[in-house]
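Engineer: Have a look at the structure that comes next, please.
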Amino acid sequence: MTAFSDFKLNKQLLTAIADQGWEAPTPIQEKAIPQILAGHDILGVAQTGTGKTAAYVLPILMKVKYAQGEDPRALILVPTRELVIQVADWVKALGKNTDLRTVALYGGVGIKPQAAALEAGCDIIVATPGRLMDLYLPGHVSLKKITTMVLDEAERLLDMGFRPQIGRILEVVPRKRQNMLFSATFGDRVKRISEEFLVAPMEIRIEERIRPARSVTQSVYFTPNLKTKINLLGELLAADGYNRVILFCKTKETATNIARYLSRKYGEETVRVIHGNKAQNTRLNAVEQFRRHEVRFLVSTDVAARGIDIPSVTHVFNFDVPLVYEDYVHRVGRTGRAFETGAAITFCAPDDEYHLRKIQKLIGEKIPVVSLPERVEVPETPFEEQQRILREIDMQRRKEDPTYQGAFHERKRKSDKTKKRRS
C-alpha cells in the first residue's frame, strides 16, 4: 500500500485524510488498517509518533459508519486525560464528514457534563478506565453494544495501575467483539494482558527494539551543575531555528524555575508550564496554546511525554535525564513525528551519567556527545549541590555493587583512624 486510496475507505474518510495533508500511510498504518478492516484482532507494537492512533481510528470510523441509537459501539481506552482528548480530537477530525458522535471521558473535571453527553447518545467512547467505570456503575452508559474495543498505550495503562478497572470492563462488554491492543513496548505484563484480551490476533511489530525515530537527531552535553545547564540553555536558544520547543524536567520545582527563567528572558506570553500540581484545565489549555503556535516554549514533567501529538515541534530538551528509561524515547518522540525531522538535546549532570548509560543500553545506540560552546560560562558547583551529586553517585555504585561502601563511608573511616591515632 503506497496511498490511503489503496485501502477500502469511503470517500468521507479519504477527504478528511486529504485535509490533514497526509500523502502516504506510515508502516503501522499500512500493515494494520487492512487487517482491522478484515475483522482480525490486532496486536500492534510500534514506537510513539509512528501513527498508531490513525491506524485504528480510520478502520473504526469505517466500521461504525454512521450514528445509530443511543449506546456506543466502539470503545477506546487510554491511560491519561491528555491522551483521551488527543485521541477524541483525531476521531472527530477524521470523522468530520460523518454524523458519528464521540464522547471523551476523563477525570479531573466534573462528571455531570460527561454523563449528559453519554445520555444524549454516542457512537464512540474514548476514555480512561477509571472515569469510564465512574460513569458505568451509576448507569450513565451501557456497554452492551460494544463491537470494537481498543487498548492504546497498553504498557502505560498497566504502569498507572489500571489493570483492575480493565478487568471489570472486560466482564461487562460483549464477548463477541473485535479487539486491538497497541503498545510501544511488549514486556511480560503487556504479553499477559494481550493473551487475555485478544483472540488469535494478527501481530504487527514495527521496530520492536525501543529506540528513538530515525528522523530525530540526538545529542548530549555533559554539564557539571545546574547553573551551567541554564547558561547552556540560554546560549542554544539564542540561535535560529528553536521555534517550537518542549523542555522536560525531572521535578515540578525545576519545571517551574525553568519556566520563570524563560518568561524573564523571552516574555510570559511565550511560555507555558505543565506538571501534576497544575489544574487539569490549565494543563489542557497550555497544550492547546502550544499546539496552535500561540506559545514558543512548553515546559513539562513527564506528565506530557507520552501520547501528546503536537506537530512541528522543532526541538525537545531533556533538561534532566529521565529516571524511567523508556521515558527518554517518549520524550524524544514529541519531535520528528510522522514524516518530519527534529532534534533532541540532553543535558547530563555527573549524577545522571549512570542513567544515560542505561538509556543508551536500552535504545541500543550511543548518543553523540557535543562539547560545551566556549561562550558558555561554567561556574563552580556550589557545596550543597556537589554533596548531593556525590551522594547520588554513591547510591548508584551501591546498586551495581552491594559490597561498595561509598566515598562518604571511606572518608568517615579515614577520619575515625586519624582520631584514634591522635588519641
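The values are calculated or read from the model by the stated rules, or taken from the named source; none is laboratory data. In this text, all values refer to a predicted model and were calculated from it rather than measured experimentally. Here the Cβ is made from the backbone with ideal geometry for all residues, glycine too, and neighbour counts use every protein chain on show.
Engineer: Out of all the residues in the range 64-79, is one or more in contact (Cβ under 8 Å) with a residue 40 or more places away in the chain, in a helix (DSSP H, G or I) and either surrounded by fewer than 19 Cβ atoms within 10 Å (Cβ to Cβ) or in contact with a Gly (Cβ under 8 Å, 6 or more places away or on another chain) (or both)?
Structural biologist: no
Engineer: So Val329 passes all but one of these: (1) modelled with pLDDT of 85 or more; (2) under 26 Å from Ser371 (Cβ atoms); (3) part of a helix (DSSP H, G or I). Which condition number does it fail?
Structural biologist: Every condition holds for Val329 apart from (1).
Engineer: Which count do you get for residues in the range 263-305 that are hydrophobic (A, V, I, L, M, F, W, C) and out of contact with any helix residue (DSSP H, G or I) (no Cβ under 7 Å at 6 or more places or on another chain)? Before you say what the answer is, go through the steps one by one.
Structural biologist: First, the residues of the range 263-305 that are hydrophobic (A, V, I, L, M, F, W, C): 271, 273-274, 279, 284, 286-287, 290, 295, 297-299, 303-305.
When the remaining residues are screened for being out of contact with any helix residue (DSSP H, G or I) (no Cβ under 7 Å at 6 or more places or on another chain), the result is 279, 286, 290, 303.
Of the residues in the range 263-305, 4 are hydrophobic (A, V, I, L, M, F, W, C) and out of contact with any helix residue (DSSP H, G or I) (no Cβ under 7 Å at 6 or more places or on another chain).
Engineer: Counting only residues that are without any contact (Cβ under 8 Å) to a residue 60 or more places away in the chain and under 23 Å from Arg192 (Cα atoms), which one in the range 130-153 is surrounded by the fewest Cβ atoms within 10 Å (Cβ to Cβ)? Even if it seems obvious, please write down each step before you answer.
Structural biologist: Of the residues in the range 130-153, the ones without any contact (Cβ under 8 Å) to a residue 60 or more places away in the chain are 130-140.
From the residues that got through so far, the ones that are under 23 Å from Arg192 (Cα atoms) too are 130, 132-133.
Details: Gly130: 16, Leu132: 26, Met133: 18.
So the residue we want is Gly130.
Engineer: Are any residues in the range 218-264 surrounded by fewer than 18 Cβ atoms within 10 Å (Cβ to Cβ) and among the hydroxyl-bearing types (Ser, Thr, Tyr), and if so, which ones?
Structural biologist: Result: Ser219, Tyr242, Thr251, Thr256, Tyr261, Ser263.
Engineer: Considering Leu13, Leu43, which residue is modelled with pLDDT of 85 or more and either over 24 Å from the mean Cα position of the chain (by Cα) or farther than 26 Å from Glu196 by Cα (or both)?
Structural biologist: Values: Leu43 fails: either over 24 Å from the mean Cα position of the chain (by Cα) or farther than 26 Å from Glu196 by Cα (or both).
Exactly one residue qualifies, and that residue is Leu13.
Engineer: Since Lys96 meets every condition but one in (1) more than 30 Å from Asp302 (Cβ to Cβ); (2) basic (Lys, Arg); (3) surrounded by 15 or more Cβ atoms within 10 Å (Cβ to Cβ), which condition does it not meet?
Structural biologist: Exception for Lys96: condition (3).
Engineer: Among the residues of the range 284-304, is there at least one that is touching an Asp or Glu at 6+ places or on another chain (Cβ under 9 Å) and of a type in the set (Gly, Ala, Ser)?
Structural biologist: Yes: one or more hits.
Engineer: Would you call Arg296 under 30 Å from Gly110 (Cα atoms) and either among the basic types (Lys, Arg) or surrounded by fewer than 19 Cβ atoms within 10 Å (Cβ to Cβ) (or both)? Break it down into steps so the answer makes sense when it comes.
Structural biologist: Working: under 30 Å from Gly110 (Cα atoms): no; either among the basic types (Lys, Arg) or surrounded by fewer than 19 Cβ atoms within 10 Å (Cβ to Cβ) (or both): yes.
So Arg296 does not fit the description; no.
Engineer: Check the range 243-263 and report whether any residue there is more than 28 Å from Gln386 (Cα to Cα) and of a type in the set (Asp, Glu).
Structural biologist: Scanning the range 243-263, I find no residue that is more than 28 Å from Gln386 (Cα to Cα) and of a type in the set (Asp, Glu), so the answer is no.
Engineer: If you don't mind, there's one more thing I want to ask. In the range 198-217, how many are touching a Ser or Thr at 6+ places or on another chain (Cβ under 8 Å) and either part of a loop (DSSP other than H, G, I, E, B) or surrounded by 19 or more Cβ atoms within 10 Å (Cβ to Cβ) (or both)?
Structural biologist: Filtering the range 198-217 for residues touching a Ser or Thr at 6+ places or on another chain (Cβ under 8 Å) gives 201, 206, 210, 213, 215-217.
Remaining after also requiring either part of a loop (DSSP other than H, G, I, E, B) or surrounded by 19 or more Cβ atoms within 10 Å (Cβ to Cβ) (or both): 201, 206, 210, 213, 215-216.
So the count comes out to 6.
Engineer: Report whether or not Glu195 is outside the structural domain of Thr346 (by TED's automatic domain parsing), charged (D, E, K, R), in a helix (DSSP H, G or I) and out of contact with any helix residue (DSSP H, G or I) (no Cβ under 9 Å at 6 or more places or on another chain). First the steps, then the outcome.
Structural biologist: Values: outside the structural domain of Thr346 (by TED's automatic domain parsing): yes; charged (D, E, K, R): yes; in a helix (DSSP H, G or I): yes; out of contact with any helix residue (DSSP H, G or I) (no Cβ under 9 Å at 6 or more places or on another chain): yes.
So Glu195 fits the description; yes.
Engineer: Can you confirm whether the range 359-374 contains a residue that is among the small types (Gly, Ala, Ser) and over 27 Å from Pro311 (Cα atoms)? Break it down stepwise before answering.
Structural biologist: Quick first cut of the range 359-374, residues among the small types (Gly, Ala, Ser) only: 364, 371.
With over 27 Å from Pro311 (Cα atoms) added as a condition, the list becomes 371.
Checked against the condition, which is being among the small types (Gly, Ala, Ser) and over 27 Å from Pro311 (Cα atoms), the range 359-374 yields at least one hit.
Engineer: Which condition number in (1) without any contact (Cβ under 8 Å) to a residue 24 or more places away in the chain; (2) outside the structural domain of Glu353 (by TED's automatic domain parsing) is the one that Met180 fails?
Structural biologist: Of (1) without any contact (Cβ under 8 Å) to a residue 24 or more places away in the chain; (2) outside the structural domain of Glu353 (by TED's automatic domain parsing), only one is false for Met180: (1).
Engineer: Does Ile166 fit the bill of being of a type in the set (A, V, I, L, M), within 21 Å of the chain's Cα centre (by Cα) and assigned to a helix (DSSP H, G or I)? Spell out the reasoning first.
Structural biologist: Working: of a type in the set (A, V, I, L, M): yes; within 21 Å of the chain's Cα centre (by Cα): yes; assigned to a helix (DSSP H, G or I): yes.
For Ile166, the condition - of a type in the set (A, V, I, L, M), within 21 Å of the chain's Cα centre (by Cα) and assigned to a helix (DSSP H, G or I) - is met.
Engineer: Which residue is farthest from Thr282 (Cα to Cα), if the candidates are limited to the range 80-101 and must be more than 13 Å from the chain's Cα centre (by Cα) and either part of a helix (DSSP H, G or I) or outside the structural domain of Leu135 (by TED's automatic domain parsing) (or both)?
Structural biologist: Of everything passing the filter in the range 80-101, Leu94 is farthest from Thr282 (Cα to Cα).
Engineer: Working only within the range 183-195, note down all residues that are in contact (Cβ under 8 Å) with a residue 24 or more places away in the chain and either of a type in the set (Lys, Arg) or loosely packed, with under 12 Cβ neighbours inside 10 Å (or both). Don't jump to the end; show me each part of the working.
Structural biologist: Filtering the range 183-195 for residues in contact (Cβ under 8 Å) with a residue 24 or more places away in the chain gives 183-187, 189-190, 193-194.
Of everything in the range 183-195, just one residue is in contact (Cβ under 8 Å) with a residue 24 or more places away in the chain and either of a type in the set (Lys, Arg) or loosely packed, with under 12 Cβ neighbours inside 10 Å (or both), namely Arg189.
Engineer: In addition: Looking at the range 102-129 only, could you name the residues that are under 23 Å from the mean Cα position of the chain (by Cα) and more than 22 Å from Lys65 (Cβ to Cβ)? Spell out how you get there, then give the answer.
Structural biologist: Of all residues in the range 102-129, those under 23 Å from the mean Cα position of the chain (by Cα) come to 102-109, 124-129.
Of everything in the range 102-129, those that are under 23 Å from the mean Cα position of the chain (by Cα) and more than 22 Å from Lys65 (Cβ to Cβ) turn out to be Leu105, Tyr106, Gly107, Gly108, Val109, Thr128, Pro129.
Engineer: Being among the basic types (Lys, Arg) and either in contact with a helix residue (DSSP H, G or I) (Cβ under 7 Å, 6 or more places away or on another chain) or closer than 30 Å to Ala24 by Cβ (or both) is the requirement here; does Arg375 meet it?
Structural biologist: On the way: among the basic types (Lys, Arg): yes; either in contact with a helix residue (DSSP H, G or I) (Cβ under 7 Å, 6 or more places away or on another chain) or closer than 30 Å to Ala24 by Cβ (or both): yes.
So Arg375 fits the description; yes.
Engineer: For the condition outside any helix (DSSP H, G or I) and either aromatic (Phe, Trp, Tyr) or out of contact with any His (no Cβ under 6 Å at 6 or more places or on another chain) (or both), what is the one hit in Pro25, Pro34?
Structural biologist: Selected residue: Pro25, the only one of Pro25, Pro34 that is outside any helix (DSSP H, G or I) and either aromatic (Phe, Trp, Tyr) or out of contact with any His (no Cβ under 6 Å at 6 or more places or on another chain) (or both).
Engineer: Please state which one of Lys366, Lys399 is without any contact (Cβ under 8 Å) to a residue 60 or more places away in the chain and within 23 Å of the chain's Cα centre (by Cα). Let's see the steps before the verdict.
Structural biologist: Working: Lys399 fails: within 23 Å of the chain's Cα centre (by Cα).
Result of the check over Lys366, Lys399: Lys366.
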